[in-house]
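Student: Dropping the structure in here first, questions after.
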Amino acid sequence: MDLNYSQEESTFRDEVRGWLKANLPQDLRDKIATYDELSREDLLRWHRILAKQGWVAPAWPKEWGGTSWNMVQRYIFEEECGLAGTPPLIPFGLSMCGPVILRFGTDAQKKRFLPRIYQGEDFWCQGYSEPGSGSDLASLKTKAERKGDHYIVNGQKTWTTLGHFADWIFCLVRTDSSLSKRQEGISFLLIDMKTPGITVRPLILMDGGHEVNEVFFDDVKVPVENLVFEEGKGWTVAKYLLGHERMNTGRIGTSKRELAKLKEFAGRQKGDDGRPLFADARFRDKLTRVEVELMALEITNLRFLDQMRRSGQPPGADVSMLKIKGTEIQQALTELSMQAADSSAQEEFTGLAKRYCNFRKTTIYAGSNEIQRNIISKMTLGL
Amino acid sequence: MNFDYNEEQQLLADSVRRFLAKGYDFEARRKIVASKEGWSPAVWSTISEMGLTGLPFSPDYGGFGGGAVDLMGVMEAAGEALLVEPYLATVGLGAQFVSRAGSDAQKKAILPAVVEGKLKMAFAHTEKGARYNLAKVDVQAKRAGAGWEISGEKFVVLGAPVADKFVVSAKTDKGLSLFLVDSKNTKIKPYVTLDKQRAGDVGFSKAQGELIGPEGGALAVIEEVVDFATALICAEAVGAMKFACDTTLEYLKTRKQFGVPIGTFQALQHRIVDMYVSYEQAKSMACLAASKADSPVDAGDRARSISAAKIKIADNCRHISQEAIQLHGGMGMTDEMKVSHSFRRLTMIAQQFGDAEHHLARFARLG
């Protein structure tokens, strides 16, 4: 057992850290530090900087621009991005649609879509959830009817993150309603957001931010060549994607940075007795418990990576564990940060309160934490 | 980076597990616990034949030169089996002081006997009112000819009724110091602890003692050895947690109510999932504790990491042990179910060498 990174891994980390220091634009760094909303242009600018460096899609095959990094290197890269406070890489193209096309797409689809995803020329969003289909995704109703060379899509998607920025949406749609098993008759379609009949309506959340949308489809014509994999086999694609989605689900680097910020902030804030809040035992104990949970999660994450590296198996239900703990930690950090703010820190309070509100999403999205528990219960424990 | 045991460590852990599964099942343990002595000379002799009593000591004295990481698999297996033999008291505590601070003559006189399983030891340190403060000692040592005389009383000394020799902390004019004292020179009030181990209060009345290490300079080595032993019980906790989780899972699959296994109920599924999450997090921190006990950057790094580990282990000991009982229902509370014994051991580990609050304060002090 050796919990230390190897010399090569440490060198790699230094290289990534040095590059990020030199190439992360200051204005983006500042926006992340103050929790400002990022524009479409902000997100794409960072995407393109990484694309130019060849680091935007580490997990992709080499021929499509992947880095050939091993699992630990990929983890280090993600951790360093989190620590540096880079804008997020929006996952819908790079980590979701891209891998799906790589796995299930035709050569024509690969050539048409992958380079544009890689270069950040197309902004993608995800069309999964519907008003009546949240955790119970297989109950989705958005319909696609085959008419000649097209599907005619009708229905509604919701919680569409950054749909208002998107050029394309990948959707799960129902192509056959006659089957008794709900998972059958679902298909995976790629839809150009400029197609007539698509309406995007913002959903403003309690933090005041515009992040998610409703997307309405009214007789939207989608060419059949935009079907990925076989008609009716969309559930297979969706399941593959779920396994692929959550490698960095623990968000260790980001949480480490937030923890350091919280410590610094709690060191400036004063408790009732005039001493730094950070020295107040009641506050400090809460903070330490989160810090320790994060230390444990980092090692748990590395243990799982180490296992995967040895076994060559893709991540299983273990990832659900990382999602549960990682998001609980993220929420706890936002909660303590807001608690640390008071009337002498009104400026900070506004940003921290927004973030506290916004981060309630983390235990709900990408399969709520209760769904994750169902997955572990079934897959790992056999219940 | 590598989180696996090496081949030797794995083989050893497997053979310990095999032995304990056969020779130390719950029925065998029940008999040992109920015996007057509360430990088994036969088990102890097998343990030392397997090399376990020599594992963390120098080859110069017949040992294998291992560290906390080498002991992890052994302690996990001990935790699963709820071993009550005086292993921690002897190998993890008493003899560690000799190994780390003793003179060559003391090592020669003691360590080979420990390695061979002929000598059992205990660490007599805690006093009334000291709680988990390792520096708070009132027992006195005075020079008497070439040696020392120790006077005072120690409480809840793990393994006291079984020990042949004690390592005792006492104050001299120069401060906190350590002494070797023969058990025949002590007065022991023995008892059985909540988790069925043997312990006792130990009285010293001008007991003849031999100084170990520098006079007045014992605190650093006490902290080092207690941190080492803490790393060991973290690993033991992981084993006991694994047992508690696995046996609860088995129960959920077999116990039927309303005509179905109770494991089909989501309310219970989510609770046992959280137990396994707690177990994995605890295991990660036990890995950290063991590797920092062996190769810290410095004493502060070691102390900080081991306190962090003990915070997590203590919290998760409570969580898992309590949930295991709740999910078993009334049956889980009965003495006849092993899960109630794992509850008791996990409860004690949560507090042994400092509860979560003690380590939260220590972690904060260390910055």
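Student: Does A:Arg309 satisfy the condition of being facing chain B (nearest Cβ under 10 Å) and either part of a helix (DSSP H, G or I) or farther than 29 Å from B:Ala314 by Cβ (or both)? Spell out how you get there, then give the answer.
Tutor: Working: facing chain B (nearest Cβ under 10 Å): yes; either part of a helix (DSSP H, G or I) or farther than 29 Å from B:Ala314 by Cβ (or both): yes.
So A:Arg309 passes the test.
Student: So for region A:372-381 (the condition being buried (at least 17 other Cβ atoms within 10 Å of the Cβ), under 18 Å from the mean Cα position of the chain (by Cα), in the same structural domain as A:Arg251 (by TED's automatic domain parsing) and farther than 16 Å from A:Ala266 by Cβ), does at least one residue qualify? Spell out the reasoning first.
Tutor: First pass over region A:372-381, keeping only residues buried (at least 17 other Cβ atoms within 10 Å of the Cβ): A:372-377, A:381.
Next, only the ones that are under 18 Å from the mean Cα position of the chain (by Cα) stay: A:372.
Those still in the list that are in the same structural domain as A:Arg251 (by TED's automatic domain parsing) too: A:372.
The next check asks that each one be farther than 16 Å from A:Ala266 by Cβ; those that pass are A:372.
Yes, because at least one residue in region A:372-381 is buried (at least 17 other Cβ atoms within 10 Å of the Cβ), under 18 Å from the mean Cα position of the chain (by Cα), in the same structural domain as A:Arg251 (by TED's automatic domain parsing) and farther than 16 Å from A:Ala266 by Cβ.
Student: Among the candidates B:Leu12, B:Leu71, B:Leu88, B:Leu52, single out the residue that is within 24 Å of B:Tyr191 (Cα to Cα) and surrounded by 22 or more Cβ atoms within 10 Å (Cβ to Cβ).
Tutor: B:Leu88
Student: Hey, among the residues in region A:280-294 that are facing chain B (nearest Cβ under 8 Å) and aliphatic (A, V, I, L, M), which one's farthest from B:Val277 (Cα to Cα)?
Tutor: Step one: list which residues in region A:280-294 are facing chain B (nearest Cβ under 8 Å), which gives A:281, A:284-285, A:288-289, A:291-293.
Narrowing the set further to residues that are aliphatic (A, V, I, L, M) leaves A:281, A:292.
Details: A:Ala281: 27, A:Val292: 15 Å.
Filtering first and then ranking leaves A:Ala281.
Student: May I ask you to verify whether A:Ala296 is under 24 Å from the mean Cα position of the chain (by Cα) and without any contact (Cβ under 8 Å) to a residue 60 or more places away in the chain?
Tutor: Yes.
Student: Sort out which residues of region B:182-218 are touching a strand residue (DSSP E or B) at 6+ places or on another chain (Cβ under 9 Å) and of a type in the set (Lys, Arg), and write them in order of number. Before the answer, list the steps.
Tutor: So in region B:182-218, the residues touching a strand residue (DSSP E or B) at 6+ places or on another chain (Cβ under 9 Å) come out as B:182-183, B:185-193, B:197-218.
Result: B:Lys187, B:Lys189, B:Arg198, B:Lys206.
Student: If you don't mind, there's one more thing I want to ask. Criterion first (part of a helix (DSSP H, G or I), more than 10 Å from chain A (Cβ to nearest Cβ) and in contact (Cβ under 8 Å) with a residue 40 or more places away in the chain) does B:Ala303 satisfy it? Walk me through it before giving the result.
Tutor: Details: part of a helix (DSSP H, G or I): yes; more than 10 Å from chain A (Cβ to nearest Cβ): yes; in contact (Cβ under 8 Å) with a residue 40 or more places away in the chain: yes.
Spelling it out, B:Ala303 is indeed part of a helix (DSSP H, G or I), more than 10 Å from chain A (Cβ to nearest Cβ) and in contact (Cβ under 8 Å) with a residue 40 or more places away in the chain.
Yes/no matrix, rows are residues, columns are (1) within 11 Å of chain A (Cβ to nearest Cβ); (2) over 18 Å from B:Cys245 (Cβ atoms); (3) not small (Gly, Ala, Ser):
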site: B:Ile313; (1), (2), (3): yes, no, yes
site: B:Glu323; (1), (2), (3): no, no, yes
site: B:Leu327; (1), (2), (3): no, no, yes
site: B:Met337; (1), (2), (3): no, no, yes
site: B:His341; (1), (2), (3): no, no, yes
site: B:Arg344; (1), (2), (3): no, no, yes
site: B:Phe353; (1), (2), (3): no, yes, yes
site: B:His358; (1), (2), (3): no, yes, yes
site: B:Arg365; (1), (2), (3): yes, yes, yes
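Student: Of everything in region A:33-63 that's surrounded by 12 or more Cβ atoms within 10 Å (Cβ to Cβ), at pLDDT below 95 and under 15 Å from A:Gly82 (Cα atoms), which residue is farthest from the chain's Cα centre (by Cα)?
Tutor: A:Ala33
Student: Looking only at region A:103-125, count every residue that is out of contact with any strand residue (DSSP E or B) (no Cβ under 6 Å at 6 or more places or on another chain) and either surrounded by fewer than 20 Cβ atoms within 10 Å (Cβ to Cβ) or of a type in the set (S, T, N, Q) (or both) and tell me the total. Give the steps one after another, and end with the answer.
Tutor: Within region A:103-125, the subset out of contact with any strand residue (DSSP E or B) (no Cβ under 6 Å at 6 or more places or on another chain) is A:103, A:106-121, A:123.
This time we only want the ones that are either surrounded by fewer than 20 Cβ atoms within 10 Å (Cβ to Cβ) or of a type in the set (S, T, N, Q) (or both), so: A:103, A:106-112, A:115-116, A:119, A:121.
Total satisfying the criteria: 12.
Student: Pick out, from region A:1-110, the helices (runs of 4 or more DSSP H) lying fully within it that include 3 or more residues that are in contact (Cβ under 8 Å) with a residue 60 or more places away in the chain and more than 14 Å from chain B (Cβ to nearest Cβ).
Tutor: Numbers: elements: A:7-23, A:26-33, A:40-53, A:71-84, A:98-104.
So the answer is A:7-23, A:40-53, A:71-84, A:98-104.
Student: Further question: In region B:15-31, what residues are assigned to a helix (DSSP H, G or I) and either at pLDDT below 95 or surrounded by 12 or more Cβ atoms within 10 Å (Cβ to Cβ) (or both)?
Tutor: Step one: of region B:15-31, the residues assigned to a helix (DSSP H, G or I) are B:15-23, B:26-31.
Result: B:Ser15, B:Val16, B:Arg17, B:Phe19, B:Leu20, B:Ala21, B:Lys22, B:Gly23, B:Phe26, B:Ala28, B:Arg29, B:Arg30.
Student: Continuing with the same structure: Would region A:217-229 turn up any residue that is modelled with pLDDT of 95 or more, among the acidic types (Asp, Glu) and touching a Gly at 6+ places or on another chain (Cβ under 9 Å)?
Tutor: We begin by selecting, within region A:217-229, every residue modelled with pLDDT of 95 or more; these are A:217-229.
Those left that are additionally among the acidic types (Asp, Glu): A:218-219, A:225.
Now restrict to residues that are touching a Gly at 6+ places or on another chain (Cβ under 9 Å): A:218-219.
Yes - at least one qualifying residue is present in region A:217-229.
Student: Looking only at region A:341-363, decide whether some residue is within 14 Å of chain B (Cβ to nearest Cβ) and either touching a Phe, Trp or Tyr at 6+ places or on another chain (Cβ under 7 Å) or not in a helix (DSSP H, G or I) (or both).
Tutor: At the first step, the residues of region A:341-363 found to be within 14 Å of chain B (Cβ to nearest Cβ) are A:363.
This time we only want the ones that are either touching a Phe, Trp or Tyr at 6+ places or on another chain (Cβ under 7 Å) or not in a helix (DSSP H, G or I) (or both), so: none.
Within region A:341-363, none of the residues are within 14 Å of chain B (Cβ to nearest Cβ) and either touching a Phe, Trp or Tyr at 6+ places or on another chain (Cβ under 7 Å) or not in a helix (DSSP H, G or I) (or both).
Student: Taking region A:351-380 only, how many residues are more than 24 Å from A:Leu241 (Cβ to Cβ) and among the aliphatic types (A, V, I, L, M)?
Tutor: Here the count works out to 2.
Student: Based on what the data block shows, is A:Asp149 over 17 Å from A:Phe216 (Cβ atoms), in the same structural domain as A:Leu190 (by TED's automatic domain parsing) and touching a residue at least 40 places away in the same chain (Cβ under 8 Å)?
Tutor: Details: over 17 Å from A:Phe216 (Cβ atoms): yes; in the same structural domain as A:Leu190 (by TED's automatic domain parsing): yes; touching a residue at least 40 places away in the same chain (Cβ under 8 Å): yes.
Spelling it out, A:Asp149 is indeed over 17 Å from A:Phe216 (Cβ atoms), in the same structural domain as A:Leu190 (by TED's automatic domain parsing) and touching a residue at least 40 places away in the same chain (Cβ under 8 Å).
Student: Report, by residue number, each residue of region A:312-329 that is closer than 21 Å to A:Met1 by Cα and either in a helix (DSSP H, G or I) or in contact (Cβ under 8 Å) with a residue 12 or more places away in the chain (or both).
Tutor: A:Asp318
Student: Would you confirm whether any residue within region B:244-267 is in a helix (DSSP H, G or I), closer than 19 Å to A:Lys325 by Cβ and either touching a Leu at 6+ places or on another chain (Cβ under 8 Å) or without any contact (Cβ under 8 Å) to a residue 40 or more places away in the chain (or both)?
Tutor: Initial filter on region B:244-267 (in a helix (DSSP H, G or I)): B:244-254, B:262-264, B:266-267.
Filter once more, so that each one left must be closer than 19 Å to A:Lys325 by Cβ: B:245.
Checking the rest, the ones that are also either touching a Leu at 6+ places or on another chain (Cβ under 8 Å) or without any contact (Cβ under 8 Å) to a residue 40 or more places away in the chain (or both) come to none.
No; the residues of region B:244-267 include none that is in a helix (DSSP H, G or I), closer than 19 Å to A:Lys325 by Cβ and either touching a Leu at 6+ places or on another chain (Cβ under 8 Å) or without any contact (Cβ under 8 Å) to a residue 40 or more places away in the chain (or both).
Student: Would you list the strands (runs of 3 or more DSSP E) that sit entirely within region B:138-213 and hold 3 or more residues that are small (Gly, Ala, Ser)? Show your work before the answer.
Tutor: On the way: elements: B:140-144, B:147-158, B:165-172, B:175-182, B:186-192, B:198-212.
Ranges flagged: B:147-158, B:198-212.
Student: Somewhere in region B:245-261, is a residue modelled with pLDDT of 95 or more, within 17 Å of B:Glu76 (Cα to Cα) and of a type in the set (Phe, Trp, Tyr)?
Tutor: In the first step, residues of region B:245-261 are kept if they are modelled with pLDDT of 95 or more; the result is B:245-261.
Among the residues that remain, those that are also within 17 Å of B:Glu76 (Cα to Cα) are: B:245-247.
Of the ones still in play, those that are also of a type in the set (Phe, Trp, Tyr) are none.
Looking through region B:245-261, none of the residues is modelled with pLDDT of 95 or more, within 17 Å of B:Glu76 (Cα to Cα) and of a type in the set (Phe, Trp, Tyr).
Student: Specify the residue that is farthest from the chain's Cα centre (by Cα); the eligible residues are those in region A:152-181 that are crowded, with 16+ Cβ neighbours inside 10 Å and in a loop (DSSP other than H, G, I, E, B). Lay out the reasoning, then the answer.
Tutor: To start, the set of residues in region A:152-181 that are crowded, with 16+ Cβ neighbours inside 10 Å comprises A:152-166, A:168-175.
From the residues that got through so far, the ones that are in a loop (DSSP other than H, G, I, E, B) too are A:158-162, A:166, A:175.
Numbers: A:Thr158: 17, A:Trp159: 14, A:Thr160: 13, A:Thr161: 10, A:Leu162: 12, A:Ala166: 16, A:Thr175: 28 Å.
Restricting to residues being crowded, with 16+ Cβ neighbours inside 10 Å and in a loop (DSSP other than H, G, I, E, B), the top hit is A:Thr175.
Student: Within region A:127-151, count every residue that is in a loop (DSSP other than H, G, I, E, B), touching an Asp or Glu at 6+ places or on another chain (Cβ under 9 Å) and at pLDDT below 95.
Tutor: Quick first cut of region A:127-151, residues in a loop (DSSP other than H, G, I, E, B) only: A:128-129, A:131-132, A:134-136, A:140-142, A:148-149.
Then keep just the ones that are touching an Asp or Glu at 6+ places or on another chain (Cβ under 9 Å); that gives A:131, A:135, A:140-142, A:149.
Going one step further and asking which of them are at pLDDT below 95, we end up with A:135.
Residues in region A:127-151 being in a loop (DSSP other than H, G, I, E, B), touching an Asp or Glu at 6+ places or on another chain (Cβ under 9 Å) and at pLDDT below 95: 1 in total.
Student: If you take the residues in region B:283-300 that are within 14 Å of B:His359 (Cβ to Cβ) and at the interface with another protein chain (Cβ under 8 Å from one of its Cβ atoms), which one is surrounded by the most Cβ atoms within 10 Å (Cβ to Cβ)?
Tutor: By that ranking, first place goes to B:Met285.
Student: Give me a count of the residues in region B:291-300 that are aliphatic (A, V, I, L, M), out of contact with any Ser or Thr (no Cβ under 9 Å at 6 or more places or on another chain) and in contact (Cβ under 8 Å) with a residue 60 or more places away in the chain. Explain how you work it out, then say what you get.
Tutor: Looking only at region B:291-300, we keep the residues that are aliphatic (A, V, I, L, M), and these are B:293, B:297, B:299.
Next, only the ones that are out of contact with any Ser or Thr (no Cβ under 9 Å at 6 or more places or on another chain) stay: B:297, B:299.
Narrowing further to those that are in contact (Cβ under 8 Å) with a residue 60 or more places away in the chain: B:299.
Summing the residues that are aliphatic (A, V, I, L, M), out of contact with any Ser or Thr (no Cβ under 9 Å at 6 or more places or on another chain) and in contact (Cβ under 8 Å) with a residue 60 or more places away in the chain in region B:291-300 gives 1.
Student: Only one residue in B:Lys174, B:Lys107, B:Lys165, B:Lys154 is surrounded by 15 or more Cβ atoms within 10 Å (Cβ to Cβ) and over 29 Å from B:Arg345 (Cα atoms), so which one is that?
Tutor: Only one candidate passes the filter, namely B:Lys107.
The values are calculated or read from the model by the stated rules, or taken from the named source; none is laboratory data. What you see is a predicted model, and the numbers here were worked out from it, not measured in a lab. As a convention, Cβ positions derive from the backbone with ideal geometry for all residues, glycine included, and neighbour counts pool all protein chains shown.
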